1. Might you work out the accessible area of Met189 for me, using a 1.4 Å probe with all protein chains in place, and round it to the nearest 10 Å²?
2. Return the carbon/sulfur percentage of the accessible area of segment 58-204, one whole number, probe 1.4 Å, all protein chains in place.
3. Given contacts defined as C-alpha pairs under 8 Å and at least six residues apart, what's the relative contact order of segment 74-122, whole-number percent?
4. Using a probe radius of 1.4 Å on heavy atoms only, what accessible surface per residue do you get for segment 54-135? Whole Å² is fine.
5. Quick one: Karplus J couplings for segment 134-151, per residue in order, coefficients 6.51, -1.76, 1.60, θ = phi - 60°, nearest Hz, x for Gly and Pro?
6. Once phi is turned into θ = phi - 60°, what whole-Hz ³J(HN,Hα) does the Karplus curve with 6.51, -1.76 and 1.60 give for every residue of segment 188-194, x standing for Gly and Pro?
7. Residues with beta-carbon under 14 Å from that of Gly78, excluding Gly78: net charge, scoring Lys, Arg +1 and Asp, Glu -1?
8. So who's got an amide H within less than 5 Å of the one on Leu75, skipping anything under 5 residues away but keeping other chains? H placed 1.01 Å off N, in plane.
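The values are calculated or read from the model by the stated rules, or taken from the named source; none is laboratory data. Keep in mind that what you see is a predicted model, and the values were worked out from it rather than measured. FYI the Cβ positions are ideal-geometry reconstructions off the backbone, even for glycines, and counts take in every protein chain you see. All accessible areas refer to the heavy atoms of the entire protein, side chains included, with ligands and DNA or RNA removed. Shrake-Rupley method; radii C 1.70, N 1.55, O 1.52, S 1.80 Å.
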Amino acid sequence: MRLVPFFLSATLLGAQAPGKLPWDAAAALPWKAGDRGPLPVPPRLEPIPAGAPIQARITPDGTIRVIDGRGMILLRTGLPGRPLQVWRDGGVRVESFGLIRFSGRSLLTQGIGALPVKDLDFRPALEGLLWILSDDQRVITLIHPATANISYLPLPGGRNFQLVFHPDRLEAREDLEPGSSECWSVPWMALLPQLLQLGRENPANRPSGTALQPFPKS
């Protein structure tokens, strides 16, 4: 498997044309059309305690706020539209708005060496992520609450999408009418640039120094 092209394109993820919204500047993904397969076995969700260190709150009008265990706001931003469908981790469906708790565990923060790139099921690497499909139906908003990083994944042309998280790929199904078989998929390996960027430390979340400790270690 060659990863060089993915890393080269990753350097372009932060580029944004003047006057454009961030989701409008997102690079197109290599979606491939095909017939939809059987639904995969959902990934297991480990219990999240009520006092989890990371909490994300999505509002019906399309805003999200992430706070940590200290009550510090890590992220506060608007979505491309009103939330229609929301998933966490590797494909666990949750309510489209409200409070979602995260443990802070994430393989993505440990770099590519920690990711199960050779395993049959890549979804454990997606723990700690939040996937939001808004009513604009153009992009998936992908958020890593623990790092407060965001990436936007453009959808293929269509509407009324449902996301399906397969062990080896992400699938977008267009549900236009009963029995419809239109769907597109993209392998997880093609999303490595976005996933690795999400796991990087966000400089905005570094603690401020003090007179006694001007350069805090964490």
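1. Probe radius 1.4 Å; accessible area of Met189 about 40 Å².
2. Answer for segment 58-204: carbon and sulfur cover 49 percent of the accessible area.
3. 18
4. Values: 3880 Å² over 82 residues.
I get 47 Å² per residue for this part.
5. 9, 6, 6, 6, 10, 9, 9, 8, 10, 10, 10, x, 5, 9, 6, 9, 10, 9
6. Once rounded to whole Hz, the list reads 4, 4, 6, 9, 4, x, 5.
7. 0
8. Val66
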